[in-house]
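The values are calculated or read from the model by the stated rules, or taken from the named source; none is laboratory data. Owing to the predicted nature of the structure, the values given are computational and were not obtained by experimental measurement. In this analysis, Cβ positions are derived from the backbone assuming ideal geometry, glycine residues included, and neighbour counts consider all displayed protein chains. Note: areas computed on protein heavy atoms with side chains; ligands, DNA, RNA excluded. Shrake-Rupley method; radii C 1.70, N 1.55, O 1.52, S 1.80 Å.
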Amino acid sequence: MGYEERNAWVALVVGVGALVGYVVALVSRADGAPMTEVDYQPLLIATVVIGVAVMIVATVASTILARIATGDAEPRGDQRDREIARFGERVGHAFLVVGALAAMLMAMAEWDFFWIANVLFAAFAVSAMVEGVAKVSAYRWGLPQW
Amino acid sequence: MVKPTLVTNRIRALRFTHGEMTQADLAARVGVTRQTVIAIEQGRYSPSLEMAFQIARVFGLGLDDVFGYPEEN
């Protein structure tokens, strides 16, 4: 597995873990009460900060371990990696746009800040996950032709 | 499953007839990762024209001798 493919896997696993962890923590904090009453801000900020930190540490660790194990001196990425990165970003971007539009409409309709913030977070998380799945699929089975 | 590319190649056979060149050797000479060479050999990635020329040049052959494309019916 190459450097960029490994990073795609790391991002996907960390992204899924962060979203699942956040939802579980949020639901357990609500404990049957309405979601809008949950003090979600610290949880959301912690999820983002921890998620980014774990992603950085995991990426660095996996790279170091791979270099130690294989003594690999290959280039970190090439044209195929760049094409796959662009493909993943393009696929993931669509979900970010949908989430942003939804948040805009919710703000205009004066929804509770809880829902607006969480729709935006969900859009980031789903966008990252879809991007990760698209990249991993492209690495495993090839880029789709169109 | 739809095959990602219709481009075929003889890279694997050519590697063996050129001193049993490894995928890593070919990758190093073309300046790509070994995974990319594997993906091209398995038909999971269609290289750019420039990369295809570089690969053909490693074997001292023309593009048509390394890569193929099916005739239209």
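Things to note:
- Förster-model FRET efficiency, 45 Å R0, B:L61 and A:M104, C-beta, rounded to 0.05: 0.20
- Take every Cα pair under 8 Å whose residues are at least 6 apart in sequence, average their separation, divide by the length of region A:3-140, and the relative contact order is 38 percent.
- Shielding by partners, peptide B:39-45 (average Cβ within 10 angstrom, other chains): 4
- Other protein chain Cβ atoms within 10 Å, averaged over every residue that makes up A:133-145: 3
- For chain B, the list of trypsin sites (Lys or Arg not before Pro) that fall in a loop by DSSP and count at most 15 other C-beta atoms within 10 angstrom reads B:R10.
- For peptide A:76-82, the mean count of partner chain Cβ atoms within 10 Å of a residue's Cβ comes to 6.
- Tensor-based shape of region A:3-140 (alpha-carbon gyration tensor, a/c under 1.5 rounded, otherwise prolate or oblate): oblate
- Built amide H within the under 5 Å cut-off of B:N9, gap 5+: B:G68
- When chain A is treated as a Gaussian network with alpha carbon springs shorter than 10 Å, the biggest mean-square fluctuation among A:G17, A:G99, A:G132 belongs to A:G17.
- With respect to chain A, whose longest principal axis is taken over its alpha-carbon atoms, helix A:3-30 is tilted by about 20°.
- GNM top mover of A:L96, A:L43, A:L105 - chain A, alpha-carbon springs below 10 Å: A:L105
- Among the GluC sites (Glu not before Pro) found in region B:9-62, those both in a DSSP coil and sparsely packed, with 13 or fewer other Cβ atoms within 10 Å of their Cβ, are B:E20.
- Here the protein assembly as shown is assigned +1 on the Cβ of each Lys and Arg and -1 on the Cβ of each Asp and Glu. Its dipole about the Cα centre then comes out at about 560 debye.
- Computed over neighbours whose Cβ is under 14 Å from that of A:V60, the net charge equals +3, Lys and Arg +1, Asp and Glu -1.
- Degrees, to the nearest 10: A:79-108 long Cα axis against longest axis of chain A: 10 degrees
- Restricting region A:44-146 to GluC sites (Glu not before Pro) that sit in a DSSP loop and have at most 13 other Cβ atoms within 10 Å of their own Cβ leaves A:E110.
- Residue-wise HN-Hα couplings along region B:20-29, as the Karplus relation 6.51 cos²θ - 1.76 cosθ + 1.60 with θ = phi - 60° gives them from phi, are 6, 4, 7, 4, 5, 4, 4, 4, 5, 6 Hz; Gly and Pro carry x.
- Heavy-atom accessible surface that B and A bury in contact, both chains counted, 1.4 Å, Å² to 100: 1300 Å²
- Computed magnitude of the charge dipole of chain B (debye, nearest 20; Cβ of K, R +1, Cβ of D, E -1): 280 debye
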